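The values are calculated or read from the model by the stated rules, or taken from the named source; none is laboratory data. Everything numeric here is computed off the predicted structure, so don't read it as measured data. All Cβ positions, glycine included, derive from the backbone under ideal geometry; neighbour counts span all protein chains shown. All accessible areas refer to the heavy atoms of the entire protein, side chains included, with ligands and DNA or RNA removed. Shrake-Rupley method; radii C 1.70, N 1.55, O 1.52, S 1.80 Å.
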Amino acid sequence: MDENTEEPKKVIVMLADETLRIQEEKKAEAAKALEEVETKPEPVKVEIVSAPAAPVPMSYATIDDDLVVDDATDQVSLTDAQEKVLEMAIELKKDALSGDPSIGILTGFAGTGKTTVIRSIFKHLRGATVLAPTGKAAQRVRQHAKVPAKTIHSWMYFPHEDPKTGVMAWERKPQEVMEKEFTPLIVVDEASMLDEELWNDLLSSAIELGSSIMLVGDPAQLPPVNGGGKFDIFSESFEVDYRCHLGTVLRQALDSPIIRASMLIREGKTNEGLALLYHIQPRQLNEHIDWTLENGGVVLCHANATRHRLNAQARGRRGYTPDSEIRDGEPLLIMKNNQRANVFNGEVIRFHGWEKLTTKRYKAVDDVLKAEGNTRFGVGVIGEPVGRMPARRAFLAEGEVYGQMDRIRHTVLMKSLGAACKELDTKPDMFAFLQANLGYALTCHKAQGSEWDNVLVHLDRTVNLMEEPERWIYTAVTRAKKNVGIYYG
């Protein structure tokens, strides 16, 4: 390498056996590094009140919610910085009502109180349209901000499946339909997940309605997968009328080592941040994975190959062979939105057994790997762990469920499913066909917009190949509310 060439920055993933030896001194370094973390907001039109966060003694407090509410009056308590964001929302509403709708951005890292602001805006403005990119993200807003929220797709589109290709197309709702749900302000949470196409459609709909838009999210999280990660709505080059940043981590959030670690990771001090978290040794991995899954948690990894391997190993410890049928109670990760079944990409639901399953195997072509294989089809009973809807039935392909193929080519699927339905004594249009894999482990991208009490981060070395590995690690760590375990794969 030329001596004038700067060596590319990357995260150094420590080996597991090195971790124990240096973890104590790393904690000391982390405490010192934490003192250096400062926020540098760049306000536009609205002044930001912010101060650097001070370190506090570490304790494993729950990050259950960042809302600060007076139970007696149901009033939301705001910091000075949050009051400034409310002022921005008021200006956005005024702009819309005056016929000149505008765009504002609210960014804030984990623990800075974005949820509090969303609830306050909804209450103070006597309503706003609150949206999120995915069903699970909308559900999280409803649970934590305690305001009505829906997906962007359900608000803006009618779903339509192309009968020839099986591709789910989304037709924009007519303006007369959209006008029935008009509010001067549209608030979009988890806006970092927006890709360019979805943003352009959302902007067009808002312009037609005359609504202002407020985009809310964490700029340190991963950009959307679509578009190769090049579109980043929170980049400085993205032109908006207002820009606010919540830079101070709230005092109650600072009690959590997860938040303290996230502060260091987003500042590029990744190893110092990870040193604050619990490190899992190889001999402990299986035990910790099982504990995490049994206690309302999730295992996150970087590569799909790792995910399939972890899924198979988790089944093996439960006494299931790779070829054994999926059992009642096993988790399923939804790989593609399915409006008919009311499930969304990235959600984890429960499988409740086969109602019918073919004995024969039928042809299937993996549209990703371009490989041909054979799979059994069946009618399975599925349900939501949170009880959003009662258990219902759907078609599933075993090959997809086990991860033996990523996505069956639709033309082949329809032909094979038609043949399988004769054996199953049913019709292809009787139930929705669900594209799903086993859901013991998820990739971090699938986990965006969701959170769990307990998270085990399987830190694959492939993370180092990413352009910004810190964003992946930050996103993974901040999916947890109570406990995080780090395993160096």
Original post:
So between residue 355 and residue 286, what do we pick up on full extension, going 0.36 nm a residue minus the alpha carbon distance?
Top reply: 21.7 nm
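If you roll a 1.4 Å probe over the range 419-489 with all protein chains in place, what percent of the accessible area is carbon or sulfur?
Values: 1140 of 2350 Å².
About 49 percent, which is the carbon plus sulfur part of the accessible surface.
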Original post:
Label points 7 Å out from Cα along the Cβ direction at residue 368 and residue 323: separation in nm?
Top reply: 2.4
**OP:** Beyond 17 Å, what share of the Cα-Cα pairs of the range 238-350 is found? Please give it as a whole percent.
**Re:** 72
Subject >> All-pairs Cα distance distribution in the range 358-489, expressed in whole percent, bin size 10 Å >> reply: 11, 31, 27, 22, 9, 0
**OP:** Mind listing the long-range amide H neighbours of residue 374? Cut-off is under 5 Å, sequence gap 5 or more, other chains count too, H placed in the peptide plane at 1.01 Å from N.
**Re:** 364
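How large is the translational diffusion coefficient of the range 284-347 in µm² per second when you combine the Kirkwood radius over alpha carbon pairs with Stokes-Einstein at 37 °C and 0.692 mPa s? Working shown, then result.
Numbers: Rh = 13.3 Å.
The diffusion coefficient I find is 247 µm²/s.
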Original post:
When N is the residue count of the range 328-434, what does its C-alpha Rg come to as a fraction of 2.2 N^0.38 Å?
Top reply: 1.01
Subject >> Where labels lie 7 Å past Cα in the beta-carbon direction, separation of residue 142 and residue 208 in nm >> reply: 2.5
Original post:
Rolling a 1.4 angstrom probe over the protein heavy atoms, how many square angstrom per residue are accessible across the range 226-311?
Top reply: 41
Subject >> All-pairs alpha carbon distance profile, the range 92-210, 10 Å steps from 0, percent >> reply: 12, 43, 34, 9, 2
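Report the extension gain between residue 83 and residue 251 in nm, rounded to one decimal, defined as 0.36 nm multiplied by the number of residues separating them, less their alpha carbon distance. Show your work: numbers first, answer last.
On the way: separation 168, 0.36 × 168 = 60.48 nm, distance 1.69 nm.
Gain on extension, residue 83 to residue 251, equals 58.8 nm.
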Subject >> Label-to-label distance, nm, for residues given as residue 201 and residue 171 (7 Å Cα→Cβ offset) >> reply: 1.3
**OP:** Quick one: which residues, 5+ away or cross-chain, put their amide H under 5 Å from the amide H of residue 367? H built at 1.01 Å from N.
**Re:** 407, 408, 409
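Could you give the length gained by full extension between residue 342 and residue 181, i.e. 0.36 nm per residue of separation minus their alpha carbon distance, to one decimal place?
Numbers: separation 161, 0.36 × 161 = 57.96 nm, distance 2.14 nm.
Length gained, residue 342 through residue 181: 55.8 nm.
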